[in-house]
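Please treat every number below as a calculation from the coordinates, not as lab data. The structure presented is a predicted model; accordingly, all values stated were derived computationally and were not measured. Because the Cβ atoms are built from the backbone with ideal geometry, glycine has one as well, and the counts that use them run over all protein chains shown.
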Amino acid sequence: MTEHIVPERSARFPWRGGRPPHIPAGPGEVPRIVLLPGDPARVDLAAETLSEFHIVGQNREFRFGIGCWDGAPVGVCSTGIGGPSTEIAIVELANLGMEVAIRIGGMGAINPDIALGELLVVTEALRGSGAAAHYAAPQARVLADPLVVEQLCSAASQFGLPSRRGMAATTDSYYAGQGRPYRAGGPCNDVTSAWAAKGADGLEMEAETVLAVSAALGVAAGAVLAAHNNRATDRWLEDYAQTQRNLIRVGAVAGVQVLRARDSTPAARPST
């Protein structure tokens, strides 16, 4: 009887058999385009938007599925909340073949002119996340890929969705770090005014990490965020399922166009 020997896993880079320790996928299973919501439950909404959509698997906060848009495979993988889990997702997906990464998610608007459900195409993420600091120097600006920005704006316009370009501030904190009290009726710091003074249109928790880590890995990345609430007007969007479907459509259209543009420009293709 032949003994089955399982290869040892390296603690330095803990993959085994070409499979990462977190994302539920292996070699050849990750499309070149991946949309990145935070909430695992939002991955399933892609079944209403992408054709041939199916769930590949889930491990911890990482739920991963694949569908098609206009004949092109598109992955959808949740990142969980915040920088640490988002960093894991980007690193592992990029090593499995992702070339275009688009965060699709919610934000708290701090610009009073932004309506609930309106989309913000992020041009720059203002620095407030610890995970991203390992990939971009402290004073470096963290910018979205210009082509991704253009295609996200074009896709939103194509679907007649209200949108604007702007900056999002990324934080590692949902309560105190975003100026919320951490007991009902308790005191809180007015951090939203400070972020607004720096030009931020909204607060969120993942865009800086997506953009910084993707840039370090040679992945074209962007983010399109829907206003789930507006801190300036103190309004909350209770039902945002349709908004999430819109984000998937916009992200899929943009991702396919970015990939086709990269394929038509040899210098833009990642080295192998």
Exercise. Fewest to most neighbouring Cβ within 10 Å: what's the order for Ile90, Ile114?
Worked result: Ile114, Ile90
Seminar exercise, completed: Restricting to Cα pairs under 8 Å and 6 or more apart, the percent relative contact order of segment 175-224 works out to 21
For this session: Please give the length that would be gained between Ala176 and Asn59 if that part of the chain were fully extended, namely 0.36 nm times their separation in residues minus their C-alpha to C-alpha distance (nm, one decimal).
Result: 39.2 nm
Seminar exercise, completed: In whole Å, largest first, the alpha carbons of segment 1-106 cover along the principal axes 49, 31, 23
Exercise. When averaged across all projection directions, what area in nm² does the alpha-carbon convex hull of segment 50-190 cover?
Worked result: 10.8
Seminar exercise, completed: Most exposed first, judged by fewest Cβ atoms within 10 angstrom, Arg12, Arg60 run Arg12, Arg60
Exercise. Under 5 Å between amide H atoms, partner at least 5 residues away or on a different chain: which partners does Val56 have, H built in plane at 1.01 Å?
Worked result: Phe64, Gly65, Ile66
For this session: Could you state the angle between the C-alpha long axis of helix 241-263 and the longest principal axis of the C-alpha atoms of the chain, as a value from 0 to 90 degrees rounded to the nearest 10?
Result: 60
Exercise. Fully extended, how many nm does the chain gain between Ala47 and Cys68 (0.36 nm per residue separation, minus their Cα-Cα distance)?
Worked result: 6.6 nm
Exercise. Relative contact order, percent, of segment 179-272 when contacts are C-alpha pairs under 8 Å separated by at least 6 residues?
Worked result: 14
Seminar exercise, completed: Given backbone amide H placed at 1.01 Å from N, residues whose amide H is under 5 Å from that of Arg235, ignoring those fewer than 5 places away on the same chain, are Asn230
Problem set entry | With at most 12 other Cβ atoms within 10 Å, longest stretch of the chain clear of loop GluC sites (Glu not before Pro) (DSSP) | 9-237
Exercise. When you take every Cα atom in segment 165-233, what is the radius of gyration, and what is Dmax, the widest Cα pair distance, in Å?
Worked result: 13.7, 45
For this session: For segment 113-123, just list the computed ³J(HN,Hα) in residue order, Karplus coefficients 6.51, -1.76 and 1.60, θ = phi - 60°, integers in Hz, with x standing in for Gly and Pro.
Result: 7, 7, 7, 4, x, 5, 9, 10, 8, 6, 8
Problem set entry | Stokes-Einstein D for the chain, Kirkwood Rh over Cα pairs, 37 °C, 0.692 mPa s (µm²/s) | 174
Seminar exercise, completed: Whole-Å distance linking the alpha carbon centroid of segment 169-228 with that of segment 21-50 is 23
For this session: Taking 7 Å along the Cα-to-C-beta vector as the label spot, tell me the Leu237-Glu8 distance in nanometres, rounded to one decimal.
Result: 5.1
Problem set entry | Gap separating the Cα centres of segment 116-139 and segment 69-90, nearest whole Å | 16
For this session: Between Asn189 and Arg16, with labels modelled 7 Å along Cα→Cβ, what's the label distance in nm to one decimal, could you check?
Result: 4.3
Problem set entry | Value of [θ]222 nm, deg cm²/dmol, for the chain, DSSP H segments ≥ 4, -39500 (n - 2.57) each, nearest 500 | -8000 deg cm²/dmol
Problem set entry | Sorted largest first, extent of segment 82-132 alpha carbons per principal axis (Å) | 40, 22, 16
For this session: Label segment 228-267 by shape, choosing from rounded, prolate and oblate, from the square roots a ≥ b ≥ c of the eigenvalues of the Cα gyration tensor; if a/c is under 1.5 it is rounded, and otherwise prolate applies when a/b is larger than b/c, oblate when it is not.
Result: oblate
Seminar exercise, completed: Normalised per residue, the volume inside the convex hull of the alpha-carbon atoms of segment 107-247 in Å³ amounts to 108
